[in-house]
1. Which pairs turn up if I take residues in the range 373-398 that are under 20 Å from GLY356 (Cβ atoms) and open to solvent by 20 Å² or more (accessible area, probe 1.4 Å) and look for partners that are polar (S, T, N, Q) and not in a strand (DSSP E or B) with beta carbon separation below 8 Å, at least 6 apart in sequence or on another chain?
2. Only one of these conditions is not met by SER402: (1) in contact with a helix residue (DSSP H, G or I) (Cβ under 6 Å, 6 or more places away or on another chain); (2) free of Cβ contacts under 8 Å to residues at least 60 places away in the same chain. Which number is it?
3. Have a look at PRO468, PRO476 and point out the one that is modelled with pLDDT under 75 and either within 10 Å of VAL152 (Cβ to Cβ) or open to solvent by 10 Å² or more (accessible area, probe 1.4 Å) (or both).
4. For GLY244, work out the one condition from (1) without any contact (Cβ under 8 Å) to a residue 40 or more places away in the chain; (2) within 26 Å of ALA388 (Cα to Cα) it doesn't fulfil.
5. Determine if the range 312-329 includes at least one residue that is closer than 30 Å to PRO151 by Cα, touching a Phe, Trp or Tyr at 6+ places or on another chain (Cβ under 6 Å) and at pLDDT 90 or above.
6. Within the set of pairs 6 or more residues apart or between chains, which connect a residue that is touching a residue at least 40 places away in the same chain (Cβ under 8 Å) and within 16 Å of LYS416 (Cβ to Cβ) inside the range 340-358 to a residue that is among the acidic types (Asp, Glu) and open to solvent by 20 Å² or more (accessible area, probe 1.4 Å) with Cβ atoms less than 8 Å apart?
7. Determine which single condition LEU357 fails, assuming it passes every other condition in (1) under 16 Å from GLY399 (Cβ atoms); (2) in contact with an Asp or Glu (Cβ under 9 Å, 6 or more places away or on another chain).
8. Of all residues in the range 294-304 being open to solvent by 10 Å² or more (accessible area, probe 1.4 Å) and touching a residue at least 40 places away in the same chain (Cβ under 8 Å), which is nearest to ALA248 (Cα to Cα)?
Amino acid sequence: RPAGPGRRGEAAGGGRPARRRGGVQRLRAGEVRAAPVGGAGTGGGAGGGAHACPRSPSLGRRRRREAAAAEEEVEETPQEKKLRLAKLYLEQLRQHGESRPAPGAGAPAGRPRALSPALTPRGSPAHVLLSLQVQPPDPASIRVLRGHQLPVTCLVISPDDRFIFSASKDGSLIKCKWEVESGKRLCVVPGGKKGTEERHMGHASHILCMAISSDGKYLATGDRNKLIMIWDTATCKRLHIFTGHHDAVSGLSFRKGTHQLYSASHDRCVKVWNVAENAYVETLFGHQDVITGLDSLSRECCVTAGGRDGTVRLWKIPEESQLVFYGHQGSIDCIQLINEEHMVSGADDGSVALWGLTKKKPLALARQAHGMQDAQGLQQPYWISAVAALRNSDLLATGSHSASVKLWKCSEGFRKLEPLWDIPLVGFVNSLKFSAAGDFLVAGLGQEHRLGRWWRVKEAKNSICIIPLKRRTAAPSPEAPDSS
């Protein structure tokens, strides 16, 4: 209602907004700001009206001090701001829920249900428990694609799950179209001899790693000859060659949603490139031994496996800092991010480690994950040569030369690794990748390890194996699946 000349105190006490630019004053949930001296019920006395007391100078000074203190208080980090807004949002949801009838009473339940992921812990809305939905793979349904002369070292799947790109020690690059019935080979870029990279399209040495951008436009490959080649995925034409590493390029990954490329090398450094601009960005140092693997997701950071230095590192690119993780006893040869908060790695001591990015030690460690082997009269674990994670789920896969690929389940909030099933595959499993939809797993096999020639499995075939993963049609039983 209109305020008369004697209602100045009332306007100050009840009509002033809780926030104002330049001097933000935040109220905790349920906290009420006291009416100022001279406000409604006090300033005008019993009579109110035109005889309200004027504002005193001391009151003005006190308010200025309060505003200055509130302005200092609002100096908060982006994380604090997100937390404050989340708490405010949850309080609004709680009040909104208390003021509405239950969904079963006839009120529309669409909005509260749509907002329910906000009530889950950080990183959890996208986490899917797929391990209970996947059936044990049928060995008879595995399809084998042949084409490489030497061991397959790396592979990637296009974001739409239609194509598989693979590479090997023979320097050739093959693009295969994945189909349910048959694997049709679409494009082959043959390898050449050392020093002929400028005269022909392919690599002239062992290809050790590859990555594909999240939009499916660019493919990057790295070889033992210190080169990174960028390809057009649609035409298999080479677009650019990045030079700068001083030893073999052993890991590549595109940052999700961008054309920023991270590369790792045996020269112990990580480099950042802008593929769209064909530009070098920066170099990061820290590892004390050759880097054997690298991975990244949508954040501006990447994780690396440091081989014999025994560390896994998280590189924070904007902050120019790194976090160091310890847990394996042997050379860490492979690594993959599960989601933005967790990762998995494998080492030649036979262990598989599950990590949280906020803990320096593994959350879970499976020793002798693929069993023991008798090598020249000595018992030693099978090396873990490849790991894969179905993004934002609890399903993992690991490979060795133990004649099987193992599927694992992350349980108890990523604090336990449980074996699910073994998939028989003969040879060194040098690369593993889940499809984006989670309906198949691709393994790159070879007679030798991708990084050396310590053993040779003569009965193995240098090939790509496509393993269908079928979902259960009915609801899973409460009993845990049998582990083999």
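1. From the range 373-398, the pairs are ARG391/ASN339; ASN392/ASN339.
2. Just one mismatch for SER402, condition (1).
3. Values: PRO468 fails: modelled with pLDDT under 75.
Result: PRO476 is the single residue among PRO468, PRO476 that is modelled with pLDDT under 75 and either within 10 Å of VAL152 (Cβ to Cβ) or open to solvent by 10 Å² or more (accessible area, probe 1.4 Å) (or both).
4. Evaluating GLY244 over (1) without any contact (Cβ under 8 Å) to a residue 40 or more places away in the chain; (2) within 26 Å of ALA388 (Cα to Cα) leaves (2) as the failure.
5. Among the residues of the range 312-329, at least one is closer than 30 Å to PRO151 by Cα, touching a Phe, Trp or Tyr at 6+ places or on another chain (Cβ under 6 Å) and at pLDDT 90 or above, which makes the answer yes.
6. Sorted first by the residue in the range 340-358, then by its partner, the pairs are GLY356/GLU341.
7. Among (1) under 16 Å from GLY399 (Cβ atoms); (2) in contact with an Asp or Glu (Cβ under 9 Å, 6 or more places away or on another chain), the lone unmet condition for LEU357 is (1).
8. Looking only at the range 294-304, we keep the residues that are open to solvent by 10 Å² or more (accessible area, probe 1.4 Å), and these are 294-295, 297-301.
Now narrow it down to the ones that are touching a residue at least 40 places away in the same chain (Cβ under 8 Å): 294-295, 297-300.
On the way: LEU294: 14, ASP295: 17, LEU297: 23, SER298: 26, ARG299: 26, GLU300: 24 Å.
Within the range 294-304, the match that is nearest to ALA248 (Cα to Cα) is LEU294.
The values are calculated or read from the model by the stated rules, or taken from the named source; none is laboratory data. Just so it is clear, the model here is predicted, and its values are computed rather than measured. Don't worry about glycine lacking a Cβ; one is built from the backbone with ideal geometry, like all the others, and counts go over all protein chains shown. When the accessible area is computed, the model is the full protein with side chains, heavy atoms only, and any ligands, DNA or RNA have been set aside. Shrake-Rupley method; radii C 1.70, N 1.55, O 1.52, S 1.80 Å.
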